[in-house]
Amino acid sequence: MKSVEYTATIKTSEIGKGGAYISFPYDVKEVFGKTGRIKVKCMLENIEYRGSLVKMGTTSYIIGISKDIRSKLGKDIGHKIHVSICEDTDERIVEIHPELQSILSANSDLMARYNKLSHSKRKEIWLQLLSAKRPETLQTRLKQIVDEM
């Protein structure tokens, strides 16, 4: 598996809600043998990150850098970071909350829609349900999630 290393400057996004990203300075076709969304594993300084290389209205491929990661790095817009990146060929599995699993198991259409969700969306759902402290909160979140699907 080919890996590349480089130094990148954290940039601010003018698209969507703002956010931050780093550019990928290489030809993705040459490095990974394909184009489109490419799942990657990165080391951003000392922080491991799994995400995707994407083109989002930018001239080059980019990797989004969340506030959480920037906070852990102690870096922000304009700072430089060391990046090591390779293609992520591992299967991305997110546990399904038992309550949601019961709902999905009873409705094949919902299960099919859930299975089409991206890894990051499934992870977001898992964290939403996991963080519910009261049973009422869990039920409210389950209803919202099902309604959105």
request  = Return yes or no: is ILE22 surrounded by 16 or more Cβ atoms within 10 Å (Cβ to Cβ) and touching a Phe, Trp or Tyr at 6+ places or on another chain (Cβ under 8 Å)?
outcome  = no
query = Any chance segment 81-93 includes a residue that's at negative phi, in a helix (DSSP H, G or I) and either touching a helix residue (DSSP H, G or I) at 6+ places or on another chain (Cβ under 6 Å) or among the aromatic types (Phe, Trp, Tyr) (or both)?
reply = no
message = Return the pair list, or none, for Cβ contacts closer than 7 Å from residues in segment 17-44 that are in contact (Cβ under 8 Å) with a residue 24 or more places away in the chain and assigned by TED's automatic domain parsing to the domain that holds MET56 to residues that are assigned to a strand (DSSP E or B) and of a type in the set (Phe, Trp, Tyr), at least 6 apart or on different chains.
response = PRO25/TYR6; CYS42/TYR49
request  = Please give the number of the condition THR9 fails out of (1) β-branched (Val, Ile, Thr); (2) crowded, with 17+ Cβ neighbours inside 10 Å; (3) in contact (Cβ under 8 Å) with a residue 60 or more places away in the chain.
outcome  = (2)
ask   = Among the residues of segment 86-93, is there at least one that is of a type in the set (S, T, N, Q) and touching an Asp or Glu at 6+ places or on another chain (Cβ under 9 Å)?
value = no
ask   = Tell me, which residue of segment 52-95 that is more than 12 Å from TYR21 (Cα to Cα) and small (Gly, Ala, Ser) is surrounded by the fewest Cβ atoms within 10 Å (Cβ to Cβ)?
value = GLY74
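This table checks each residue for (1) closer than 29 Å to LYS39 by Cβ; (2) loosely packed, with under 14 Cβ neighbours inside 10 Å.
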site: LEU104; (1), (2): yes, no
site: ASP109; (1), (2): yes, yes
site: ARG113; (1), (2): yes, no
site: LEU117; (1), (2): yes, no
site: ARG122; (1), (2): yes, no
site: LEU129; (1), (2): yes, no
site: GLN139; (1), (2): no, yes
ask   = Is it the case that segment 108-130 has a residue that's at pLDDT 90 or above and either part of a loop (DSSP other than H, G, I, E, B) or assigned by TED's automatic domain parsing to the domain that holds LYS41 (or both)?
value = no
query = From the list SER52, SER60, SER3, which one is in contact with a Pro (Cβ under 9 Å, 6 or more places away or on another chain) and either among the hydroxyl-bearing types (Ser, Thr, Tyr) or outside the structural domain of LYS123 (by TED's automatic domain parsing) (or both)?
reply = SER60
message = I'd like to know if segment 38-52 contains one or more residues that are part of a helix (DSSP H, G or I) and of a type in the set (D, E, K, R).
response = no
task = Give the residues of segment 57-80 that are part of a helix (DSSP H, G or I) and over 17 Å from the mean Cα position of the chain (by Cα), sorted by residue number.
result = LEU73
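The values are calculated or read from the model by the stated rules, or taken from the named source; none is laboratory data. In this text, all values refer to a predicted model and were calculated from it rather than measured experimentally. Quick reminder, even Gly has a Cβ in these numbers, built from the backbone with ideal geometry, and neighbours come from all protein chains shown.
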